[in-house]
Amino acid sequence: MIVGVPREIKPGEQRVALTPGGAAALAEAGHRVLIERGAGAGSGLRDDEYAAVGATLVTVQEVWARAELVLKVKEPIPPEYERIRPGQVLFTYLHLAPAPELAEALRRSNVTAIAYETVERPDGSLPLLTPMSEVAGRLAVQEGAFYLGKAHGGRGILLSGVPGVPRGNVVIIGAGTVGVNAAKTAVGLGADVSILDVNLDRLRAVDDLFAGQVVTLFSTSYNIAQVLQRADLLIGAVLIAGARAPVLVTEAMVGRMKEGAVIVDVAVDQGGCIATIRPTTLLEPVYRVGGVVHYGVANMPALVPRTSTFALTNATLPYALQLANKGLATAVRENPALAKGVNVCRGKFVHPVVAEALGEAAAPLAACVA
Ligand SMILES: NC(=O)c1ccc[n+]([C@@H]2O[C@H](COP(=O)([O-])OP(=O)(O)OC[C@H]3O[C@@H](n4cnc5c(N)ncnc54)[C@H](O)[C@@H]3O)[C@@H](O)[C@H]2O)c1
């Protein structure tokens, strides 16, 4: 199969959908890999690294004109719509439900579009979303520690403390992928860490994982109000799949936090779980409410595109290989997780949620890939 990787052109996006290691794996399996020149530059990956593993460096026109399978990071944006060819398979983050214009463009182009974010294992886990939550969780503490610096607007404390001076206090709301990864980094820095969740199984897992180094608390507004009074760094990490994040920290609670404390609400991409958070960008990540520094960056992995690119390719490569080796129909038939990723099949909406959001009945996937 001919597999193509264009450079990402969405403003600010520095990731690329395939590392040279991924290109090597596809080439070893007998596929032809076309990489747009400069596609890896934002992630520090040079053209010659791709060429060395047998990939061909081409123009953007050639990628789209020749590739049967196109690997991307972000959804296509209008300048890319006209490049999509009928019959092509597109594998990327799509977030189609709130994007009717993009959905219509995909329908018109008669493409098959598989969304990373809806690839779902039978246990409900989302293997192609997880790596970005791992990045964001770890980064939340790193960024929070930075903004706790006095010159950066914070309280002027070192999270680890030093002998004779207590460690900083980190409160994490939500013990899922973001929360546990934040806890790992905070514990690694030597902070005093508490984590709250409504799912006792998640709290049991945290208790086992950290062997008592992290305080676990059932998430109620009473408990949240209590722990926030001590918090130097608060991390929002809740998710109710598909829904707006519940607002768990009220304006009054923020008002009672310490002067110079920092809030990093990772859940801001789902509306945020802190009443006073609003989305910010990497160019202007923070603002203050009262004395509290607020960090609301909705695309945190973009700060570390190199790490994020490797993390993403590690997760997507097995699926990309299946698609290339077996072809769409067999790959989807044999792998139910991948089948759940198919949003649009040959121009028809097949994912129930996407179809519903667009006011249509979903076409059966089986009929489309038969
Ligand atoms: N800002 C970014 O750049 C960025 C990057 C990656 C992920 N995210 C977002 O981070 C959020 C968390 O993602 P995740 O992968 O960790 O999700 P996850 O499903 O793994 O974990 C969410 C956790 O929240 C818990 N929760 C639900 N209601 C709660 C409540 N009332 N109190 C406490 N905990 C509660 C759940 O039980 C679950 O353990 C999502 O909104 C995700 O989109 C943002």
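The values are calculated or read from the model by the stated rules, or taken from the named source; none is laboratory data. Treat the numbers as computed from the prediction; the structure is a model and nothing was measured. Cβ: placed from backbone, ideal geometry, glycine included. Neighbour counts: every protein chain shown. Keep in mind that these areas ignore ligands, DNA and RNA; they rest on the heavy atoms of the full protein, side chains included. Shrake-Rupley method; radii C 1.70, N 1.55, O 1.52, S 1.80 Å.
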* **Index of the failed condition, M257 passing every other in (1) in contact with a helix residue (DSSP H, G or I) (Cβ under 7 Å, 6 or more places away or on another chain); (2) near the ligand (Cβ under 10 Å from one of its atoms); (3) not in a helix (DSSP H, G or I)** => (2)
* **Candidate set: the stretch 303-312, residues that are of a type in the set (A, V, I, L, M, F, W, C) and open to solvent by 10 Å² or more (accessible area, probe 1.4 Å); chosen: the one farthest from D265 (Cα to Cα)** => F310
* Hey, can you tell me all the residues within the stretch 276-302 that are within 15 Å of the ligand (Cβ to nearest atom) and crowded, with 22+ Cβ neighbours inside 10 Å? => I277, H294, Y295, G296, V297, M300, P301
* Structure fact -> When every residue in the stretch 157-184 that is free of Cβ contacts under 8 Å to residues at least 40 places away in the same chain and either near the ligand (Cβ under 9 Å from one of its atoms) or at positive phi (or both) is compared, the one least open to solvent (accessible area, probe 1.4 Å) is G161
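Is it the case that the stretch 264-272 has a residue that's in contact with a helix residue (DSSP H, G or I) (Cβ under 6 Å, 6 or more places away or on another chain), more than 30 Å from G22 (Cα to Cα), more than 8 Å from the ligand (Cβ to nearest atom) and in a loop (DSSP other than H, G, I, E, B)?
Checking the stretch 264-272: not a single residue is in contact with a helix residue (DSSP H, G or I) (Cβ under 6 Å, 6 or more places away or on another chain), more than 30 Å from G22 (Cα to Cα), more than 8 Å from the ligand (Cβ to nearest atom) and in a loop (DSSP other than H, G, I, E, B).
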* Just give me the residues in the stretch 211-228 being more than 15 Å from the ligand (Cβ to nearest atom) and either over 28 Å from R155 (Cα atoms) or modelled with pLDDT of 95 or more (or both), in sequence order. => A211, Q213
* For A267, are the conditions met, namely being among the aliphatic types (A, V, I, L, M) and surrounded by fewer than 18 Cβ atoms within 10 Å (Cβ to Cβ)? -> no
* Residue within the stretch 131-140 that is in contact with a Gly (Cβ under 8 Å, 6 or more places away or on another chain), more than 12 Å from the ligand (Cβ to nearest atom), assigned to a helix (DSSP H, G or I) and of a type outside the set (K, R) present -> no
* Structure fact -> Considering the stretch 2-24, residues that are assigned to a loop (DSSP other than H, G, I, E, B) and open to solvent by less than 50 Å² (accessible area, probe 1.4 Å), and then whichever is nearest to Q88 (Cα to Cα), we arrive at P6
* Being open to solvent by 60 Å² or more (accessible area, probe 1.4 Å) and touching a Gly at 6+ places or on another chain (Cβ under 6 Å) is the filter here, so list the residues in the stretch 241-254 that pass it. => R244
* To do: Report yes if E80 is acidic (D, E), in a helix (DSSP H, G or I) and touching a helix residue (DSSP H, G or I) at 6+ places or on another chain (Cβ under 6 Å), otherwise no.
  => no
* Just for helices (runs of 4 or more DSSP H) wholly inside the stretch 145-237: which have at least 2 residues that are more than 19 Å from G291 (Cα to Cα) and among the small types (G, A, S)? -> 177-189
* Asked: Any chance the stretch 209-228 includes a residue that's surrounded by 21 or more Cβ atoms within 10 Å (Cβ to Cβ), closer than 24 Å to P301 by Cα and in contact (Cβ under 8 Å) with a residue 12 or more places away in the chain?
  -> no
* **Residue match in the stretch 316-333 (condition: within 16 Å of the ligand (Cβ to nearest atom) and either crowded, with 19+ Cβ neighbours inside 10 Å or among the aromatic types (F, W, Y) (or both))** => yes
* **Residue in the stretch 112-126 that is open to solvent by 30 Å² or more (accessible area, probe 1.4 Å), of a type in the set (D, E, K, R) and in contact with a Leu (Cβ under 9 Å, 6 or more places away or on another chain) present** => yes
* Given the structure, is N199 within 15 Å of the ligand (Cβ to nearest atom), more than 14 Å from A145 (Cβ to Cβ) and surrounded by fewer than 19 Cβ atoms within 10 Å (Cβ to Cβ)? -> yes
